[in-house]
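Please read the structure below before turning to the comments.
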Amino acid sequence: MATQQQNALTSFDPNALKAKFDKWVTEQGPVAEVAVATLGAAAQGVFIGYLLGSFSALDPTQNQSAAGNPQVSAQLQALQKGGPWGQARNLGVFTGVNAGLNLAIKKARGGKDDVWGS
């Protein structure tokens, strides 16, 4: 029994799993491809936004550098007001919308990223 579990773990190939998933998504049609790209990019944006929000909350010198300029200080306070989860939400929305729109436009153009240069 232990050898069967070990063989199952060593035979796991993430590239094959990704290839199967990509094949399945392309079979579903362009709407599903755009939705999957949007959700994947949004998840990445949430993760990166939370990390950046956590790091900016830890930096004690960040507020000191803006002390001389009240406009910059107000902007920094507005950005940090939501905390790490607020930044995660915002970056998740921005990256998800960007990825979804880019793929939708690419699909509408027939697979070309740049219609003028290609």
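Sorted on the mean count of surrounding Cβ atoms within 10 Å across their residues, most packed first, peptides 20-31, 93-104 read 93-104, 20-31.
In the context of the full protein assembly, ARG109 retains an accessible surface of approximately 110 Å², using a probe radius of 1.4 Å and ignoring ligands and nucleic acids.
Residues in the range 101-113 carry Karplus couplings, in order, of 5, 4, 5, 4, 5, 4, 5, 5, 8, x, x, 9, 6 Hz; the curve used is 6.51 cos²θ - 1.76 cosθ + 1.60 with θ = phi - 60°, and Gly or Pro positions show x.
The values are calculated or read from the model by the stated rules, or taken from the named source; none is laboratory data. Just so it is clear, the structure is predicted and the values come from calculations on it, not from any experiment. Cβ: placed from backbone, ideal geometry, glycine included. Neighbour counts: every protein chain shown. Ligands, DNA and RNA are stripped out before the accessible areas are found, and what is left, the full protein with its side chains, is counted by its heavy atoms. Shrake-Rupley method; radii C 1.70, N 1.55, O 1.52, S 1.80 Å.
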